[in-house]
1. By how many nm would the segment from V80 to D173 grow when fully extended, if each residue of separation counts as 0.36 nm and the alpha-carbon distance is taken off?
2. Give the carbon-plus-sulfur fraction of the accessible surface of the chain in %, rounded to a whole number; probe 1.4 Å, heavy atoms of protein chains only.
3. How many Å³ per residue does the convex hull of the Cα positions in segment 91-176 occupy?
4. If we restrict to alpha carbons, what Rg and Dmax does segment 1-155 come to, in Å?
5. Along the charge dipole of segment 160-247, which of Y225, M193, Q169 sits closest to the positive end, that is, farthest toward it, with unit charges on the beta carbon of Lys, Arg, Asp and Glu (+1, +1, -1, -1)?
6. Under the rule of at least 5 residues apart or a separate chain, name every residue whose amide H is placed under 5 Å from the amide H of N311.
7. So, in Å, what gap is there between the alpha-carbon centers of segment 329-354 and segment 17-45?
8. Find the accessible area per residue for segment 197-241; the probe is 1.4 Å, ligands and nucleic acids are left out, and the unit is Å².
Amino acid sequence: MVTAAMDGGGRPSGLQAALLAASAALTALLCSAYRHKARQARGLQGARRLRLDGELRAVLLEAPGRCVPYAVIEGVVRSVKDTLSSQFVEDCHGVVQRLTLQEHKMVWNRTTHLWNDYEKVIHQRTNTAPFDLAPPEDGAGVAVRVMKPLEAAELSLETVHEKFHPSVQSFTDVLGHYISGERPKGIQETEEMLKVGTLLTGVGELVLDSDTVKLQPPKQGLRYYLSSADFDSLLQKQQASVRLWKILAFLSGFATCTLLFFLLRKQYRHRRERRRLQQLQEEFRQAQELRLRHENAAEVPKNACVICLSNAKACVFLECGHVCSCTECYRALPDPKACPICRQRITRVVPLYNS
């Protein structure tokens, strides 16, 4: 029964196994994210930096397929045709406009019994107009047409208008909201724009299509950037993200290894304890067998006293005539003394002398 109990205690519990599996899965997920981020950072670091000058066309003409797979350019936003005007700010023009309506409310948490803030985008519309990245300095240069700007992983938009419209509630509405567990706070109205004249850093695939140089989303899993930060800041930001994911993956891996070590150490101790108990059981069994062999090997003398089995028979009981006891055991018999064989009363005892 001890062995059976130890067998149950040696295996990890269902909770421990589930925790180990979840930790291992999280570690694998974080490692995968870290490798993906590191690959993107290496690609960004290896991107070719080009200037919007007269040599750009020559570079693209010499490149295979008139294409640079991953290039970095810096230029000023310039509209191709008409611009987009802000709906709330006068004389504010841009090429990308994003209007957002966001609902803010308080939701009752039945677990913690607290009111929690909740935000939800109830409407969002994005408008775009064709635009180029032109050289920051006035003069001769090449303008690059930006394609599919909304596919950029980082598109720097400036918030030009933001207003919060609080909810107007009656007493009946407040009472109903407390009963339903939801308390509306209001609507957040936001307008973001990529304004004309903004200095942008574009990272993507640079191609020469007829007479137009285009910047478009790159291939091979690389990211597309249209950022207001300069290239060095953008690279440092990506490298910081890689370090963060690396630390998270390391911590998760360390936790998984610690848990695995704990379970293996527990199983090792269980196996060692089980072997010790089995060894003790075997030693006890061998000791019992040895004692039994000694007891069976001990010979009882043929003329041994039937009472103590150690002294020789030394008395003849009369009148029955039985010879079955030594003198010490005879004297120890209770009065009236009776023969231990036939239970007949002993009238007298005759000593027995063995020659």
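The values are calculated or read from the model by the stated rules, or taken from the named source; none is laboratory data. It should be emphasised that the depicted structure is a prediction, and the values quoted were computed from it without experimental measurement. Every residue, glycine among them, receives a Cβ derived from its backbone with ideal geometry; neighbour counts consider all protein chains shown. Calculation scope for accessible area: heavy atoms of the full protein, side chains included, ligands and nucleic acids excluded. Shrake-Rupley method; radii C 1.70, N 1.55, O 1.52, S 1.80 Å.
1. 28.4 nm
2. The C+S portion of the solvent-accessible surface of the chain is 54 percent.
3. It comes to 169 Å³ per residue, whole-number rounded.
4. Here Rg and the maximum Cα pair distance are 27.6, 93 Å.
5. Y225
6. HN-HN under 5 Å from N311: C305.
7. For segment 329-354 versus segment 17-45, the Cα centre distance is 96 Å.
8. 43
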